[in-house]
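Since the structure comes first, as structure tokens, the remarks are kept for the end.
Every number here is computed from the coordinates shown, using simple stated rules; none is lab data. Given the structure is predicted, the values throughout are model-derived calculations rather than measurements. Glycine gets a Cβ as well: all are built from the backbone with ideal geometry, and neighbour counts include every protein chain shown.
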């Protein structure tokens, strides 16, 4: 068994074993197998398969437990050589623009206020294409959140807005235009603050953009020893 | 190959071949198979498998095409012995209350105004339970919509309300308390009218409860030759 000693090891392992590989999903009932190749099913199944495969390859991977609501961020905690890394595993049909949700806006805003180190959560992303008899893993990416997001036409960040409220943060077409993503972690954080400024909240528990940005900057430095 | 000459034939065929049977869903990638047994995946895969199985058993089944939005109702048209039947295939983990959406409220309201015969759409429903190595089909039901719905505590019908608007019509726990469902098609239609009355619309294209009920009754009789 290979040993994973760094995030790059993990990424190289995935590239080596999974990039370009074919897979399929078979549902068997009463002895009759049928192949499923709708996007929802492929995406959901892959998001189950990959973490289990990583665990079997020796990665110590914990599901962030607790509430089952989708605002929990991120999904996994990987322990590599004594260090803990926050991780998400995402999959999408790479013939389309990436459509997966990165995080709930309010959830991420709150999480970063209390724990700005989560900014460094790693996204392990699989782009697949469906084929008649299954799917092919076209490419694999290991990215920071600012490397897969960008400002959108209407908002400081790619944003799904529901009933006038910011809802989910959406990825940019990072696989086609990586140079148009945010350049730095700091740019991403400022875009979040600008989004809050556009959508001010009456809820006194939600810090203003200015208060939030100040605290995230300060706390990030305390926790990580680095500038935001 | 068996021949399906009636809806009851179809139902008996499903009972005979699928009730109590085990199934599983396997995702295979890089030659490594893993079993998926989360509810979303089982439900989605079964809803693909069942119509294909029915087609192979000789049922002439057409997907209602056109728009891909979820307001299309119902999903399928089955042709049996020259007659056309509207059909839906639904699956749920029968350890839980049925959680599938039956129809979008506004969509159903509009559809029945124009085509009240759709009231007789048949629901072929599979209750499964997940087990370690897959799932088991616990029971199968062939039902009319009024046989799987009931009034709820807050509304004249089981209803998901979003932002103050009626959204999806939800099933009652028909598998446990079949006698507490609506008794007749007419009771179901009246409950829809009462729901519209509770949620009046300013949209002039949406008929009032009274206008709607009158037309559905009249048109149902013209189309089917029977009283609502």
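Side notes on the structure shown:
- Relative contact order of chain A: 18 percent, from C-alpha pairs under 8 Å at least 6 residues apart in sequence.
- Average other protein chain Cβ within 10 Å of Cβ, residues A:29-41: 6
- Stretchable slack from residue B:52 to residue B:30, in nm (0.36 nm times residue separation minus alpha-carbon distance): 5.2 nm
- Helix B:39-56 and the long axis of chain B differ in direction by around 90°, with both axes built from C-alpha atoms.
- In this simple spin-label model, placing a label point 7 Å from the Cα along the Cα-to-Cβ direction at both residue B:114 and residue B:19 gives a separation of 3.8 nm.
- Within the listed set B:166, B:178, B:204, the residue fluctuating most in the Gaussian network model of chain B (springs between alpha-carbon atoms under 10 angstrom) is B:204.
- Least to most buried among B:89, A:131 (fewest other Cβ within 10 Å first): A:131, B:89
- Per-selection metrics, the stretch A:7-224 (Cα): Rg and Dmax in Å: 18.5, 61
- Calculated P(r) tail over 41 Å for the protein assembly as shown, as whole % of Cα pairs: 31 percent
- Cβ crowding within 10 Å ranks B:185, B:200 as B:200, B:185, fewest other Cβ atoms first.
- For chain B, the longest principal axis of the Cα atoms and the long axis of helix B:209-224 meet at an angle of about 60 degrees.
- Gain upon complete extension [residue B:60, residue B:198; 0.36 nm per residue less C-alpha separation]: 45.7 nm
- Calculation over all alpha carbon pairs of the stretch A:1-57 in 5 angstrom steps from 0 returns a P(r) of 4, 15, 21, 21, 16, 11, 7, 3, 1 percent.
- Cα long-axis angle, helix B:185-198 against chain B (0 to 90 degrees, to the nearest 10): 70 degrees
- Remark: relative contact order (the stretch A:130-228) = 21 percent; criterion is Cα-Cα distance under 8 angstrom and separation of 6 or more residues.
- Take every Cα pair under 8 Å whose residues are at least 6 apart in sequence, average their separation, divide by the length of the stretch B:46-155, and the relative contact order is 20 percent.
- Calculated FRET efficiency for the pair residue B:221/residue B:3, C-beta based, R₀ 35 Å, to 0.05: 0.60
- Both numbers refer to the Cα atoms of the stretch B:48-162; Rg and Dmax are 15.3, 47 Å.
- By the beta-carbon count within 10 Å of each Cβ, the least crowded to most crowded order of B:83, B:141, B:223, fewest first, is B:83, B:223, B:141.
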